[in-house]
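One structure is given here, and the rest of the page talks about it.
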Amino acid sequence: MNYANDRPYDLGHPRHLDQVAMDFPELRIIGGLGGWPWVNEMVALVRRHPNLHMDTSAHRAKYLGQPGSGWEMLMQLGNTLIQDKVLVGLSAGLVGQPYETLIDEYMNLPLKDAVKEKWLYKNAARVFGLD
């Protein structure tokens with residue numbers, strides 16, 4: 001989501017990643033900010049393209065697991081079908097909270113323990129070749 005009021009708000013819509021991922025299938029792409037407010041579309045594209053991933057930066061994890069938040073599709077498929085495609089971005093400076101608080105919020109999400117480890121570390125290590 002783009003909050004600048006001098007350009008169209010949907011420049012950050014995940015649909016723009018679709019053509020890039022088709023044209024460059026070997027390119028590793030990380031769609032930022034979870035695709036918000038188009039979370040369902042981001043999740044669908046992450047499922048569609050093997051080298052497309054998403055991060056959760058600029059969002060507090062404590063809101064991701066709340067019913068009616070708009071993140072339900074990420075929570076459901078992020079715990080199952082796309083668990084290897086989600087990277088946590090903490091954005092501590094942006095949200096004004098210490099890293100420990102933000103990590104605790106992820107640890108309290110209704111995700112499998114193995115999925116939490118993937119989201120918080122293993123997926124990023126694999127994508128960036130650090131594993």
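Every read-out reported here was derived from the displayed coordinates using simple, explicitly stated rules and does not represent laboratory data. All figures in this text were calculated on a predicted structure; none of them were measured in a lab. Note that we place each Cβ from the backbone using ideal geometry, even for glycine, and neighbour counts take in every protein chain shown.
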Value of D in µm² per second that Stokes-Einstein yields for the chain, Kirkwood Rh from Cα pairs, at 37 °C (0.692 mPa s) = 218
For region 1-97, state which GluC sites (Glu not before Pro) are in a DSSP loop and have at most 11 other beta carbons lying within 10 Å of their beta carbon.
-> GLU26
Mean separation of Cα contacts under 8 Å (6+ apart) over length of region 36-75, as relative contact order % = 45
Counting helices only, and only those DSSP H runs with n ≥ 4, report the 222 nm mean residue ellipticity of the chain as the sum of -39,500 (n - 2.57) divided by its residues, in deg cm²/dmol to the nearest 500.
-> -10000 deg cm²/dmol
Mind checking the full-extension length gain between ALA125 and MET107? Use 0.36 nm per residue of separation minus the Cα-Cα distance, one decimal, nm.
-> 4.6 nm
Residues of region 73-115 with amide nitrogen under 17 Å from the 7 Å Cα-to-Cβ point of LYS62?
-> 90-110
For the chain, what's the relative contact order in percent, using C-alpha pairs closer than 8 Å and at least 6 residues apart?
-> 20
